[in-house]
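Structure, as structure tokens:
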Amino acid sequence: MLTRFLTSVAVLAATTSLASADYSLTILHTNDFHARFEPISKYDSGCAPEDNDAGECFGGTARLVTAVEDARKRSNNAILVDGGDQFQGTLFYTYYKGKVAAEMMNKLGYDAMTVGNHEFDDGPEVLRGFMDAVEFPVLMSNADVSGEPALADVLMKSTIIERGGEKLGLIGLTPQDTPDLASPGKNIIFTDPSDAVQGEVEKLTADGVNKIIVLSHSGFEVDKDVAANTTGVDVIVGGHSNTLLSNTQEGAVDIYPVMIGETAIVQAYAYGKFLGELNVTFDDGGKITEAKGEPLIMDGTVGEDDATKTRIGELAGPLEEIRNKVVAEAAEAIEGDRSVCRVQECPMGNLVADAMLARVADQGVTIAFANSGGIRSSIDAGEVTMGEVLTVLPFQNTLSTFQAKGQTLIDALENGVSQVEEVKGRFPQVAGLKFTWDPSVGPNEGRVQEVMVAEGDAFAPIDPEKVYSVVTNNFVRNGGDGFAMFASDGMNAYDFGPDVADVLAEYLAGQGPYAPYTDGRITQK
């Protein structure tokens, strides 16, 4: 009788212990992969096979397969999620659109992803095709898609998955200014991120979920705001700003994870260079008791999965003739990194703007505008291939010419420097004009202090009433990156010129070994 009583007590104690046991979860995460299925160089551009064999390259899906498999072995509960922008960036996307991303993400076994702005680069239809091909939910909470036939009733705001016997609520978040950044069409209404997340948190909580993870393609600053302005969010897996959060890596923006109240925020740079690994422990009430981890660098010490490497080689076959064609030579590396080009004059920005202007100078065009968000990579010294050019300018944008008054150009420059603090892609790279701006002045309140335009061999102050002939790309000319004044106030527009990548390649070819430079056309007070 005593033995039976003691046994019952032991069972009750064990049951009670299990009921109140902590729950541990490993969140593996990527963001802003941008079709980098093959390994990349330290400049985030293509890496030669011989350099990869020498262990000098980073990333590539074959390394991620190995790293994800190893990480799952280290964890009793693991999920793999993505912070958006799988699309766009290399010939793989140009040629295959979202098909290769779908195949590789299925192979890696992703559990969910959020929609990035670049998932809309080719409209809702291409995104829908990708969604139909993947074996996991694609999420976006801060938009009304009911008026878009391709996405209505298919693109969900949130979802619930189970792992280790526990429910996990996942919420997607996309840049509110996606209409300025991509081509979602006119049928989708984007809304405030914090309000959207809070609404989904309440729905998930009502369904008995007490562990909630936001997959956010909104940028580090917005993620911090969302964490501060919502309740019930445990983890935000970020993207969009290509932010490296790390406790060990040189150049990290902040620690990993960043805690805002009770919310852990992580992000793992971009291009598959890192695999984020956050280990979270929850108490029985769903509160985080510990959050620790580190983005794992995908360098040459990480082995490549042979089957994946072979498959990517097969997919690369049709691209080889295009990408390997040598079109020019660079005397030095041409800096095009977003951390430089989105805040100041940069060598790649000058090259792109110069090339655009040179192409149409015989038409009387005197000024070129290039949005830094359209510049996606640097170029190494030495031979320049068409593949490298297309990595710099992957969007298949066309050259656009139009006329505008000087005041419109001043307004455009104001827009261009209005979000420098957030390292946004609207920062202007220019040719045929130079300007000075003051970051101590509020955005759109007169940051642009002086604008000079080329007149013959000299520069003269811009005339607000004079009409100038301008060249840009069709995305910017139609109002992208906040340049709405070009769409509304531009005159005599022609948006159907050659692909800007072809313009750049031809310009480089005519330069001999190209020597990158800056000349002070953009100055900061």
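Just a few scattered comments:
- Per residue, the accessible area of the chain comes to 40 Å² when a 1.4 Å probe rolls over the protein heavy atoms.
- Bins of 5 Å from zero: percent of alpha-carbon pairs in the stretch 101-211: 2, 12, 21, 24, 18, 14, 7, 1, 0
- Only DSSP H runs of four or more residues enter the estimate; each adds -39500 (n - 2.57), and after division by the residues of the chain the mean residue ellipticity at 222 nm equals -8500 deg cm²/dmol.
- Taking the C-alpha atoms only, the angle from helix 406-416 to the longest principal axis of the chain is near 30 degrees.
- Label-to-label distance for Ala361 and Lys203 is 5.6 nm, based on points extended 7 Å past Cα in the beta-carbon direction.
- Projecting the Cα atoms of Ser418, Val222, Phe435 onto the charge dipole of the chain (Cβ charges, centred on the Cα centre) puts Val222 farthest toward the positive pole.
- Exposure rank, largest accessible area first [Ser141, Ser183; 1.4 Å]: Ser183, Ser141
- Near the amide H of Leu244, within less than 5 Å, lie the amide hydrogens of Val253, Tyr269, all on another chain or at least 5 residues away, with H placed in the peptide plane.
- Sparsely packed chymotrypsin sites (Phe, Trp or Tyr not before Pro) within the stretch 405-496, loop by DSSP, other Cβ within 10 Å at most 10: Phe496
- Cα Rg over Rh - the stretch 448-525, Kirkwood: 1.00
- Solvent accessible area, Å² - Asp122, 1.4 Å probe, full protein context: 60 Å²
- Share, in percent, of DSSP beta bridges within the chain that are antiparallel, nearest 5: 65 percent
- Heavy-atom SASA rank of Met485, Met298 (probe 1.4 Å, accessible area, largest first): Met485, Met298
- With the simple spin-label model, which puts each label point 7 Å out from Cα in the Cβ direction, the Asp53 to Ser183 separation comes to 4.0 nm.
- Taking all pairs of distinct alpha-carbon atoms in the chain, Kirkwood radius in angstrom: 24.3 Å
- As computed over the stretch 246-383, the Cα convex hull volume per residue (Å³): 214 Å³
- Anchor Lys466: lysines whose Cα lies under 20 Å away (excluding residues fewer than 8 positions away in-chain): Lys405, Lys434
- Cα gyration tensor shape of the stretch 394-525, rounded if a/c is under 1.5, else prolate or oblate by comparing a/b with b/c: rounded
- For the chain, the carbon plus sulfur part of the accessible surface works out to 50%, probe radius 1.4 Å.
- Per-peptide average of other Cβ atoms within 10 Å, ordering 244-252, 196-204 highest first: 196-204, 244-252
- Taking the longest Cα principal axis of the chain as reference, the axis of helix 193-206 is set at about 20 degrees.
- Straight-line cross-link partners of Lys186 among the aspartates and glutamates, defined as a Cα under 20 Å from its Cα and at least 8 positions apart when in the same chain: Glu119, Asp121, Asp122, Glu125, Asp144, Glu148, Asp153, Asp177, Asp481, Asp495.
- Counting DSSP beta bridges with both ends in the stretch 198-347, the antiparallel % (nearest 5): 65 percent
- Taken one residue at a time, the phi angles of the stretch 233-249 give Karplus couplings (6.51, -1.76, 1.60, θ = phi - 60°) of 8, 8, 9, 10, 9, x, x, 5, 8, 6, 8, 8, 9, 7, 9, 10, 7 Hz. Gly and Pro are set to x.
- Straight-distance candidates among the lysines for linking to Lys99, with alpha-carbon spacing under 19 Å and chain neighbours fewer than 8 residues away dropped: Lys107, Lys309.
- Our coupling estimate for the stretch 460-467, obtained by passing each phi through the Karplus curve with A = 6.51, B = -1.76, C = 1.60 and θ = phi - 60°, is 9, x, 5, 9, x, 9, 6, 8 Hz, Gly and Pro reported as x.
- Cα lying deepest toward the dipole's positive end in the chain, options Phe37, Val258, Ser158, charges on Cβ: Ser158
- In the stretch 416-465, the GluC sites (Glu not before Pro) that fall in loop regions by DSSP, at most 13 other Cβ within 10 Å: Glu445, Glu465
- Dipole magnitude of the chain, debye to nearest 20 (Cβ charges: Lys/Arg +1, Asp/Glu -1, about Cα centre): 840 debye
- Extension gain (nm, one decimal) between Asn444 and Asp132, 0.36 nm per residue minus Cα-Cα: 108.1 nm
- Taking label points 7 Å from Cα along the Cα-to-Cβ direction, Phe459 and Ile255 give a separation of 4.5 nm.
- For the stretch 63-139, the convex hull spanned by the alpha carbon atoms encloses 87 Å³ per residue.
- log₁₀ of I(q)/I(0) at q = 0.09, 0.18, 0.22 Å⁻¹ - the stretch 331-456, Debye sum with one point per alpha carbon: -0.26, -1.01, -1.36
- Relative to the dominant Cα principal axis of the chain, helix 347-360 is inclined by about 50°.
The values are calculated or read from the model by the stated rules, or taken from the named source; none is laboratory data. Because the structure is predicted, anything quoted here is derived from the model rather than measured. FYI the Cβ positions are ideal-geometry reconstructions off the backbone, even for glycines, and counts take in every protein chain you see. SASA here: full protein model, heavy atoms, side chains in, ligands and nucleic acids out. Shrake-Rupley method; radii C 1.70, N 1.55, O 1.52, S 1.80 Å.
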